[in-house]
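Readers should treat all values here as calculations from the given coordinates under stated rules, not as data from a laboratory. Computed from a prediction, not measured in an experiment: that's the story for all the values here. Cβ: placed from backbone, ideal geometry, glycine included. Neighbour counts: every protein chain shown.
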């Protein structure tokens, strides 16, 4: 490792990988050494935009870098991630960390075997609002979660559960620190042949219950979590990066409330994530969102998808593109 900077590369510079390159290029403790992409023109453009070099493949990164962000399609995460780890390179792999739990296990084992840092890109952990709220989470009892977005031609190779809901599944697992004992879910395709809208009801061993909705075909952008714990209600907005805490000061027929706007400092969550990754690379500490955390989120996403598929079979939803009959 460079004495003053961590040498990094970005593998996959599509829409999201470009953001990794953009932030690395301006962080004082990182040196963006190279980008790699299967599309040579896309790689050249990213290299020109962020003042770095293009390498033709991941093998050419050996000895040149200390760490890499992996932002290729999910089906390639395990193959490329394991190869990087075996080359002695620390890896931040985008969510979902792999296409299956077996592939997630391969990544975790490769990191352990080679003594490498493996961080998973659940960037909402680094949202200032989430960090503020995490400090006051005690024993949450009920969650309402909405993550709605307008349609974009991005990440259409995976269902909305793995594309966007998985962020909230990770946050719920972190906030409750409890295993999920029951999952009920449903979802439908709307504009793709994948699930575009999904809803899940989760029950945790702690007794907490969560209602989670995700959509990538909404007419508006909503990213909020609301939850209740003993004598208080907390609402956080991922987009605004703010949170409100409402506590019951005096219960009873004439209750009194204490309203608190929680203190947050705005920061791009991805920047916080990459700073944390660089810190783990330097200190060799276990990252905040390690491979096991990424696996837990993937496992829960799989359970939500299983419920959707079972529900779809039970109600005999038509396949995408299949004639619907008369309205």
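Annotations
- Helix axis angle, 269-283 relative to the chain longest principal axis, alpha carbon, degrees: 60
- Hull volume per residue, based on the alpha-carbon atoms of the stretch 33-99 and their convex hull, is 79 Å³.
- Percentage of interatomic Cα-Cα distances in the stretch 31-169 larger than 26 Å: 36
- When the chain is treated as a GNM with alpha-carbon contacts under 10 Å, the residue of 102, 200, 30 showing the greatest mean-square fluctuation is 102.
- For the chain, averaging the sequence separation of C-alpha pairs within contact (under 8 Å, six or more residues apart) and dividing by the residue count gives a relative contact order of 18 percent.
- Distance between the stretch 28-90 and the stretch 116-137 - C-alpha centres, whole angstrom: 24
- Shape of the chain, Cα gyration tensor, a/c cut at 1.5: oblate
- When the alpha carbon gyration tensor of the stretch 172-232 is reduced to an equivalent ellipsoid, the three semi-axes, largest first, read 26, 15, 8 Å.
- Percentage relative contact order, the stretch 6-116, counting C-alpha pairs under 8 Å, at least six apart: 25
- Global geometry of the stretch 107-211, whether rounded, prolate or oblate, following the gyration tensor of its Cα atoms and the 1.5 cut on a/c: oblate
- Cα-based helix-to-principal-axis angle, 101-114 vs the chain, degrees rounded to 10: 50
- Fraction of beta bridges assigned by DSSP in the chain that are antiparallel (%, nearest 5): 60
- Under a Gaussian network description of the chain, with springs only between Cα atoms under 10 Å, the residue in 137, 289, 304 that fluctuates furthest is 137.
- Rounded tilt (10° steps) of 291-315 against the dominant C-alpha axis of the chain: 50
- The stretch 213-280 shape via C-alpha gyration tensor axes, a/c threshold 1.5: oblate
- Label-point separation, residue 226 to residue 256 (7 Å along Cα→Cβ), nm: 2.5
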